[in-house]
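This report concerns only the one structure given below.
The values are calculated or read from the model by the stated rules, or taken from the named source; none is laboratory data. Fair warning: this is a prediction, and the values are worked out from it, not measured in the lab. With ideal geometry, Cβ positions are generated from the backbone for all residues, glycine too; neighbour counts draw on all protein chains shown.
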Amino acid sequence: MEDFYYRKLKVYHLAKALVADIYTICNYFPQQESYGLTNQIQRAVISIPSNIAEGMGRFSIKERIHFIEISYGSLMEVMCQLEVAETLNYITHEQLTIEEIKITEIAKMLIGLRKNLEEKQK
């Protein structure tokens with residue numbers, strides 16, 4: 001087993017970069033959102049690379065797939081929350097589009113990783 005295998009995954013590094021983006025964006029949310037949308041989106045986005053790392057640290061392929069699926073779900077949650085932030089005029093449509101491109105790339109990579117793991121499971 002390779003120690004810290006997740007560090008070799010491009011999707012992990014892209015997910016970490018997304019965390020930094022979202023935290024920066026949240027700095028511009030209204031103060032009253034500190035315990036609402038800001039907290040929720042930050043918790044969801046940090047869950048993405050965290051679950052990639054945890055999943056890749058598991059010995060069973062089934063568990064690895066499970067954590068990749070959790071990561072994907074958190075990614076979709078972040079996308080939803082960004083759409084809400086745009087609706088509330090906390091971010092611009094342009095900001096949403098920029099993040100959506102990054103989220104789409106990460107989503108495709110997570111789907112690919114899941115498929116790769118499923119192949120190994122057969």
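For every residue, the table says whether it meets (1) surrounded by fewer than 18 Cβ atoms within 10 Å (Cβ to Cβ); (2) out of contact with any Pro (no Cβ under 6 Å at 6 or more places or on another chain); (3) more than 26 Å from residue 6 (Cα to Cα); (4) touching a residue at least 60 places away in the same chain (Cβ under 8 Å).
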position: 24; (1), (2), (3), (4): yes, yes, no, no
position: 28; (1), (2), (3), (4): yes, yes, yes, yes
position: 37; (1), (2), (3), (4): no, yes, yes, no
position: 41; (1), (2), (3), (4): no, yes, no, no
position: 47; (1), (2), (3), (4): no, yes, no, no
position: 56; (1), (2), (3), (4): no, yes, no, no
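Looking at the range 65-78, is at least one residue surrounded by fewer than 16 Cβ atoms within 10 Å (Cβ to Cβ), among the aliphatic types (A, V, I, L, M), modelled with pLDDT of 95 or more and in a helix (DSSP H, G or I)? Checking the range 65-78: at least one residue is surrounded by fewer than 16 Cβ atoms within 10 Å (Cβ to Cβ), among the aliphatic types (A, V, I, L, M), modelled with pLDDT of 95 or more and in a helix (DSSP H, G or I).
If only residues of the range 11-62 that are assigned to a helix (DSSP H, G or I) and of a type in the set (Gly, Ala, Ser) are counted, the one that is farthest from residue 112 (Cα to Cα) is 20.
For the range 29-37, check the following and say yes or no: at least one residue is of a type in the set (Ser, Thr, Tyr), out of contact with any strand residue (DSSP E or B) (no Cβ under 9 Å at 6 or more places or on another chain) and at pLDDT 95 or above.
Initial filter on the range 29-37 (of a type in the set (Ser, Thr, Tyr)): 34-35.
Going one step further and asking which of them are out of contact with any strand residue (DSSP E or B) (no Cβ under 9 Å at 6 or more places or on another chain), we end up with 34-35.
Now drop any that are not at pLDDT 95 or above, which leaves none.
Checked the range 29-37: no residue is of a type in the set (Ser, Thr, Tyr), out of contact with any strand residue (DSSP E or B) (no Cβ under 9 Å at 6 or more places or on another chain) and at pLDDT 95 or above.
Can we say residue 95 is over 14 Å from the mean Cα position of the chain (by Cα) and either over 24 Å from residue 22 (Cα atoms) or β-branched (Val, Ile, Thr) (or both)? When the stated conditions are applied, residue 95 does not pass them.
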